Amino acid sequence: VEHSNGKWSKGHTRLAAAMMSLGRYGEAADAYSTVLNELDPNNEVAKRGLEDCRKKEQQLREEKERELRNMQEVLDQQKKAEKEAQEEKETKTKNDNSDEGEEDDLLDDFFSEVEKATEKPKPTKSTADNDSGEEPTNRIKTQMNDLGTSQSQIDRLLQVNYEWKNLNPFYVLDIPHTIDDDSIISARYRALSLLVHPDKCLDDPVRAKTAFEQVRKAMNQMNDVDKRKHVRALIDEGMKQGKRDWKEECSKSSNVHPDNKEGLAQAQSKATMKIFAEIEQKRREIERRKRKFEQRERAQEDDEKKKETDERRFHNEWREGERVDKRVGNWRDFQVDGKKKRTS
């Protein structure tokens, strides 16, 4: 048996095997290399062990590269989703700050506006001064008359599958998507908010609160110019797709008349809702994959911590009771006994 500086090749191979069982292939390879370079260049166990370590390390690298490639697309999508979420959060924060106290004062403002509306208007200098349109209070009253009753609006906003239909803010506010006048949009939002406000709908406050939140959420989107532009583009695409679907349906059935405007409107509404739903499904899928990725990362961190704990326990147990010295001593005693037998 060859040795160098009191280190035995068998002890190194055992240490290397222990490191491999713990998944520490780099340290195992170092131990096997020590045997081959310093103790026993022809040690077959060390040669096989070193080769196994290199294979394991290569496999780990390949698995890591595959994992990184598979996750790259997810990370890119997550980055985009996080950016959109951050923009939405900033917009929401801005709107929340500007609307602070709005719910508490909403009814007071409404009654104040109604009172002002009943006052006799002051004479104007010229008719041209009113060319800009109705007064804000009158515009809100007009919008409320157009919207109907509180119950009808609550039912509309909370109908079956409302979570998907209400992804379109123009649908929530019940206005054409071609409208881009902030004053009209604001008046519509205010009128609809007054109709479905929980303090005004005492017979159905729970559903009214849900409907009111749907309206606020839609207005948060409308307040963002870029999002409003994006939503309008999606609706335009839905209108075009609905028109194509309607033509295709008319060509397949003789019972469907192409001039049926109601049928065309339904097809366009369906196509538009489908576009918004697909985008929302993709967003949810990205969120799901993000959560799964975070869970996998946490699991890997837990595994690493467990490995470190097992390694410390292994080394502590290895040194407890002078086990290393006993093994080396037993081996030396065996060598001494063998020499005595050979000399006798």
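General observations
- Counted charge near THR178, where neighbours are those whose Cβ lies closer than 15 Å (Asp, Glu -1; Lys, Arg +1): -1
- Each Lys and Arg contributes +1 and each Asp and Glu -1, all at the Cβ; summed about the Cα centre of the stretch 236-277, the dipole is approximately 60 debye.
- Above-threshold pairs, the threshold being 22 Å between Cα atoms, out of LYS79/LYS209; LYS83/LYS282; LYS55/LYS292; LYS55/LYS306; LYS200/LYS229: LYS79/LYS209; LYS55/LYS292; LYS55/LYS306; LYS200/LYS229
- Neighbour net charge for GLY148 - beta-carbon separation under 11 angstrom, K R +1, D E -1: -2
- For the stretch 28-92, the solvent-accessible area works out to 73 Å² per residue, with a probe of 1.4 Å and every protein chain left in place.
- Heavy-atom accessible surface of the stretch 161-204, averaged per residue, reaches 43 Å², computed with a 1.4 Å probe.
- Probe 1.4 Å, accessible area per residue of the stretch 216-314, Å²: 73 Å²
- In order along the stretch 50-64, the phi-based Karplus estimate (6.51 cos²θ - 1.76 cosθ + 1.60, θ = phi - 60°) of 3J(HN,Hα) comes to 5, 5, 4, 4, 5, 5, 5, 4, 5, 4, 5, 4, 5, 5, 5 Hz; Gly and Pro are listed as x.
- Compared with the direct C-alpha span, the chain from ASN316 to ASP259 gains 12.0 nm at full extension, assuming 0.36 nm per residue.
The values are calculated or read from the model by the stated rules, or taken from the named source; none is laboratory data. All of these numbers come straight from a predicted model, not from anything done at the bench. A quick note on method: Cβ atoms are made from the backbone with ideal geometry, for glycine too, and the neighbour counts reach across all protein chains shown. Note: accessible area is taken over every heavy atom of the protein model, side chains too, but ligands, DNA and RNA are not part of it. Shrake-Rupley method; radii C 1.70, N 1.55, O 1.52, S 1.80 Å.
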